[in-house]
Structures are given as C-alpha cells and as structure tokens.
Amino acid sequence: MRLSQYFIPTLKENPTEAQIVSHRLMLRAGMIRQASAGIYSWLPLGYRVLKKIEQVVREEQDRAGCQEMLMPTIQSADLWRESGRYDDYGPEMLRIRDRHDRDMLFGPTNEEQITQIVRDNIKSYKDMPKLLYHIQWKFRDEVRPRFGVMRGREFLMKDAYSFDLDSAGARRSYNRFFVCYMRTFERLGLKAVPVRADTGPIGGNLSHEFLILADTGESEIGCHADFIDMDLRGADLDYDNEDDMQRTVDHVTSLYAAVDEQRDEETEKSLGDKLKVQRGIEVGHIFSFGTKYTAAMGAVVNGPDGESTELECGSYGIGVSRLVAGIIEASHDENGIIWPESVAPFKVGLINLKANDEDCTSACDDLYKRLTKAGVEVLYDDREGRAGVKFADMDLIGLPWQLIIGPRGLKSGVVELKNRQSSERQEISIDEAFAQLAG
Ligand code: 5CA
C-alpha cells in the first residue's frame, strides 16, 4: 500500500477526549473514529488489525475443534423470555420493535440463540459433544462507555458454546477452551492471567476471566510471579489427550491469581516476593453453567439409555475489538504503537527519504514491488516531505520493521533496516534486506 494513496488520517496532537494511551494512539494513528458514544468506525489501518486478531482467534478455535458459524445480531425477545433473561438483563439491552410491533433486541450475547438451534436440530446423544462459535458484533448499552473500543457499546466478540451429555464432558470442554485461550493470547504477544471469577448475568458455577497486565486496566489483580514467565506456546499440547489438558489446567489454576474484592490478604502475604500486584484488562471470560439454559428452553437429547437428557453447557468469550486496545496498552512507547508481528497491519514500513530523487524512488518502487510480490505486507511511504515527519508517522503506526532508503546510502549500496521494538538498526544491502523480510 502506498501511503500517498492510503486513507490514514493521522493526528499530530493528542486528542483531548482520550484518557488512556491506547485510545489516544488509535485516534492519532487514524485507526478509528467515534460515530457516537461507545460506537466506532474502523478505518482501513484499524480494520486490518481487527481482522488479524480475529484470524488468530479463529485459527486457535478451529485447532481446538470448535466449528465456526454465524448467528444474527438481531434476536427475538421471545427467545429471551424463554430463558427468563429478557427482564433480567435490564437497561444494558438495546430493545427494538419491528414494523409488526414485535419485540426484538440487538444481541449482547448468544446463549439463547445457540440453545434454540441445538434444541431444534440435535436429538441424539450420538451427536454430542458439540463446540460451536461465531465472531459477531454485540451491543451492550453500558452506563459508562469509555476508553475508546476498550469499553464500547458496540463491540466485536468471539463467543463459543459447548454442549455435552454430562458434567464430566462439560468439564473436558471447559479445559479445552482454557488451554485454547492460553495459546491464543500467547500468539497475540500477550501475557494473560486466568483468574477465578464471578459468573454475573451469564450464570453458572465455574468461571475464569483472562486478564492482561497493563497499568490502565480497570481491575486490580494479585498473582503468582510464575504467570509472568509462563510460556504455553512451545508446549506440546495435544487436544486429544484429556489428561494432559487437565494437568495443564490444574497447574495453571493452582497458582494464586485473584481480582479486585476476591483478593486474599493471607495468601498474598505467604507468596512473599513471588506476589505480583498489577492492574489488568479482561480480554476473555469462560463459563460453565450446566443446564441453566437447556433446562429453561427444553434442549434435550435422547441419552444412550433412551431417557431424555438435558445438555450441559458452557460459553466462552473473547473481546476481539477490546484486544486491539489491549495489545496497544501492553505494547507501546512514547513514540507510538509497537505491534507484535502476529497482528501488525503491515509487516514493513518502507520509507523513501527523497521522493523527488529519481534513483532513490526507482530503488524504493522496485523493492516495494519485489516485497509485495513475495507476499510481504508493505506500507510504502512514497510521499514527498521531510524525513522527520516520515519517521514520526512510522513510529506512531508501529509496524515491526522500518526499511529506510535514501540517496546517500544507496550510493554505497546500503539501506537501513530498523526494528521498531528494539530500535536496533542495521545497514545492509537491498538484497540482504529483501532476504530478511521475505524469508
Ligand atoms: N456469553 C459470555 C461468553 S461467550 C459473555 O458474554 N461473556 S462476557 O460478558 O464476559 O464478555 C466476553 C468478553 O467480551 C469480555 O471478556 C470482554 O473482553 C469483552 N467485552 C465485554 N464487554 C465489552 C465492552 N463493553 N466493550 C468491549 N469488549 C467487551
């Protein structure tokens, strides 16, 4: 993509309405614009990141054996009357009436919708278990939408649902998502701490929140220092081995982690210098709630003994749009965003230091074409203008690599490759730069 043609309305000044760094940087880098309170448009750069995160989340759901589908944003109120949540949900639910005077709503979550689908289409124990998910916009009329997409009213969520024949099966599904979440957040370059949690309006008896550590987080957590060093990505986790998974989950949950009023003074004292107290952002939440919805809505299957059996369920959410802000909170410096490579909107920012110099421009154009052809995503700053502005913009946007090409270097056959994260700079030949980035 040529920057001269890209729609990326960057801002030099800090917008006054933004109280936290991710909100400031998302506005300044031209990623989002507010449409109304807690509702945002995603501009091209922001949308690329949103899609990248969505894709990592999707790949890890698929790997865990969960099947993607898509349910609507608008749901019927009658469905929610069946579960009893139409009245319970209160003013957070956006209620709509259609032209036939039927009560509808913009879904804040989809337990009822998926339970209806399973109830109407699965009749036998032989079709169990089922793990299903979708990635869809939600609406919650939050009292205080704030911090940009961190706490929006409209937001993108991955929500998955598990259906099992019995509680042992439900526990296996829960473990599977637990492990899947550890892997997902690791791939996104985040340290996420699983914390035992309240189930709130979703209900149930077993629940964990996943929090990433950031000073601007809305919750205070106390946790064992081992969470900070834990690395599950390299672990050879095998979803087919239930015992392995239970071991992993047991190990992780045996370490102390508690949030806000659930923190325990005595345990924290006993941890000594192993205790980490930090603020956190909730990026995921998993629940096991037994037959709460299936019983209310009559979702049963014929069991092996011919008896009808209520299904045991769980639901598993990840805040996809919140993660865009969460990753920035966890990864930035005074100059701007530092994207982990797995979700960066482009891998490389190619800076032409002298766009009115024919040789320099032809070298840049050439390399841009070669890299693009090799499948490398490049944002090419081909604008005329001052080098300082280009450096500042590129640092603000935060692509993992900057490739800086100027007439002086070219004379001696070198270009500069800068790593945004480490600020390390290398002077190398064009071919070496190409090999490093395309390799
Ligand atoms: N049905 C369950 C799980 S599928 C559920 O709705 N869980 S939740 O309420 O905890 O939401 C799941 C995730 O969505 C949260 O962990 C959070 O990351 C994200 N989320 C919730 N509310 C908002 C919001 N107002 N803005 C942005 N993200 C949100």
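The values are calculated or read from the model by the stated rules, or taken from the named source; none is laboratory data. Given the structure is predicted, the values throughout are model-derived calculations rather than measurements. Here Cβ is always computed from backbone atoms with ideal geometry, including for glycine, and neighbour counts include all displayed protein chains. Just the protein is used for accessible areas: all its heavy atoms, side chains included, with ligands, DNA and RNA removed. Shrake-Rupley method; radii C 1.70, N 1.55, O 1.52, S 1.80 Å.
Tell me, yes or no, whether the range 395-407 has at least one residue that is closer than 29 Å to ILE327 by Cα and β-branched (Val, Ile, Thr).
First, the residues of the range 395-407 that are closer than 29 Å to ILE327 by Cα: 395-404.
Pick out the ones that are also β-branched (Val, Ile, Thr) and you get 397, 404.
Yes, because at least one residue in the range 395-407 is closer than 29 Å to ILE327 by Cα and β-branched (Val, Ile, Thr).
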Quiz item: Any idea which of VAL193, VAL252 is within 16 Å of the ligand (Cβ to nearest atom) and under 18 Å from GLY284 (Cβ atoms)?
Solution: VAL193
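When you scan the range 120-136, do you find a residue that is closer than 27 Å to LEU27 by Cα, in a strand (DSSP E or B) and modelled with pLDDT of 95 or more, even just one? Walk me through how you get there before you give the answer.
Taking the range 120-136 first, the residues closer than 27 Å to LEU27 by Cα are 135-136.
Now drop any that are not in a strand (DSSP E or B), which leaves 135-136.
Imposing the further condition that a residue be modelled with pLDDT of 95 or more reduces the set to 135-136.
Yes, some residue in the range 120-136 is closer than 27 Å to LEU27 by Cα, in a strand (DSSP E or B) and modelled with pLDDT of 95 or more.
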Quiz item: With respect to MET245, is the statement that it is crowded, with 20+ Cβ neighbours inside 10 Å, touching a residue at least 12 places away in the same chain (Cβ under 8 Å) and away from the ligand (no atom under 11 Å from the Cβ) true?
Solution: yes
Exercise. Please enumerate the residues belonging to the range 146-177 that are more than 7 Å from the ligand (Cβ to nearest atom), outside any strand (DSSP E or B) and closer than 30 Å to GLY38 by Cβ.
Key: PHE147, GLY148, PHE177
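Restricting the range 248-263 to residues that are of a type in the set (D, E, K, R) and free of Cβ contacts under 8 Å to residues at least 24 places away in the same chain, which is nearest to HIS224 (Cα to Cα)? Step through it out loud before you land on a result.
The first filter runs over the range 248-263 and keeps only residues of a type in the set (D, E, K, R), leaving 250, 260-261, 263.
Now drop any that are not free of Cβ contacts under 8 Å to residues at least 24 places away in the same chain, which leaves 250, 261.
Values: ASP250: 15, GLU261: 17 Å.
The extreme case among them is ASP250.
Having 1 or more residues that are open to solvent by less than 20 Å² (accessible area, probe 1.4 Å) is the bar; report the strands (runs of 3 or more DSSP E) wholly within the range 1-114 that clear it. Break it down stepwise before answering.
Working: elements: 32-36, 39-42, 74-76, 94-97, 103-106.
Result: 32-36, 74-76, 103-106.
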Self-check item: Conditions (1) touching a helix residue (DSSP H, G or I) at 6+ places or on another chain (Cβ under 8 Å); (2) within 23 Å of PRO108 (Cβ to Cβ); (3) open to solvent by 40 Å² or more (accessible area, probe 1.4 Å); number of the one not met by ALA295
Solution: (1)
Practice problem: Kindly check whether there is at least one residue in the range 278-287 that is crowded, with 16+ Cβ neighbours inside 10 Å, part of a strand (DSSP E or B), at pLDDT 85 or above and aromatic (Phe, Trp, Tyr). | Solution: yes
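For the range 251-272, how many residues are part of a helix (DSSP H, G or I) and at negative phi?
13
Return the total of residues in the range 295-323 being within 15 Å of the ligand (Cβ to nearest atom) and of a type in the set (Val, Ile, Thr).
So the first thing to find is which residues in the range 295-323 are within 15 Å of the ligand (Cβ to nearest atom), and the list is 313-323.
If we keep only those that are of a type in the set (Val, Ile, Thr) too, we end up with 318, 320.
Residues flagged as within 15 Å of the ligand (Cβ to nearest atom) and of a type in the set (Val, Ile, Thr) within the range 295-323 amount to 2.
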Exercise. Pick out the one residue from SER315, SER342 that is crowded, with 24+ Cβ neighbours inside 10 Å, in contact (Cβ under 8 Å) with a residue 60 or more places away in the chain and touching a helix residue (DSSP H, G or I) at 6+ places or on another chain (Cβ under 9 Å).
Key: SER315
